[in-house]
Amino acid sequence: MSHNIKHVWFDLSETLAVYTPEFLKARDELLYRVYAGAVKRPVGDQLIAEYKELYAEHRSNAAVFRVLGFS
């Protein structure tokens, strides 16, 4: 019997993990830095607004990077 399952993902977001304001700030700063590196532009108000717009459109951080051609 062959199985095609390669990965199993668990979404623990706000289920088993509690997000503090400090965690959310650090997470957002990291997301913006990674996004800035991906689009080769500095982090600034315009880049942050662009990222938030993409996130609103695609509804996940992973999807934002996938539309840029990243896995």
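Go ahead and estimate [θ] at 222 nm for the chain from helices alone: -39,500 (n - 2.57) per DSSP H run with n ≥ 4, summed, over the residue count, rounded to 500. Mind showing how you got there, number by number?
Numbers: 3 runs with 40 residues, N = 71.
Computed mean residue ellipticity for the chain: -18000 deg cm²/dmol.
Exposed loop trypsin sites (Lys or Arg not before Pro) only (DSSP loop, at most 11 other Cβ atoms within 10 Å): please give the longest stretch of the chain free of them, not including the sites. Intermediate results must be reported in sequence, preceding the final value.
On the way: sites that count: K6, K40, R59.
By the stated rule (loop sites, at most 11 other Cβ atoms within 10 Å), 7-39.
Apply 1/(1 + (r/R0)^6) to the Cβ-Cβ distance of N61 and H3, taking R0 = 25 Å, and write down the FRET efficiency to the nearest 0.05.
0.30
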Under the rule of at least 5 residues apart or a separate chain, name every residue whose amide H is placed under 5 Å from the amide H of V43. none
Whole-number accessible area per residue in Å² for the chain, which is evaluated in the context of all protein chains at 1.4 Å: 88 Å²
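With a cap of 15 neighbouring Cβ atoms within 10 Å, and only residues DSSP puts in a loop, list the chymotrypsin sites (Phe, Trp or Tyr not before Pro) found in the chain.
Values: sites: W9, F10, Y19, F23, Y32, Y35, Y51, Y55, F65, F70; in loops: W9, F10, Y19, F70.
In loop regions of the chain (DSSP not H, G, I, E or B), the sparsely surrounded chymotrypsin sites (Phe, Trp or Tyr not before Pro) are W9, F10, Y19, F70.
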Out of the total accessible area of the chain (probe 1.4 Å, heavy atoms of protein only), what percent is carbon and sulfur? 57 percent
Residue-ordered couplings for segment 49-59, obtained by feeding phi - 60° into the Karplus form 6.51 cos²θ - 1.76 cosθ + 1.60 and rounding to whole Hz (Gly and Pro as x), are 4, 4, 4, 4, 5, 5, 5, 4, 6, 9, 6
Over all directions, what mean area does the Cα convex hull of the chain project, stated in square nanometres? 6.8 nm²
Straight-line reach check, K52, cutoff 25 Å on alpha carbons, 8 or more apart in-chain or any other chain, hits among lysines -> K25, K40
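The values are calculated or read from the model by the stated rules, or taken from the named source; none is laboratory data. Please read these numbers as outputs of a predicted model, since none were measured by experiment. Heads up, the Cβs are rebuilt from the backbone with ideal geometry, glycines too, and the neighbour counts pull from every protein chain shown. To get the accessible areas, we keep the full protein, side chains included, count just its heavy atoms, and leave off ligands, DNA and RNA. Shrake-Rupley method; radii C 1.70, N 1.55, O 1.52, S 1.80 Å.
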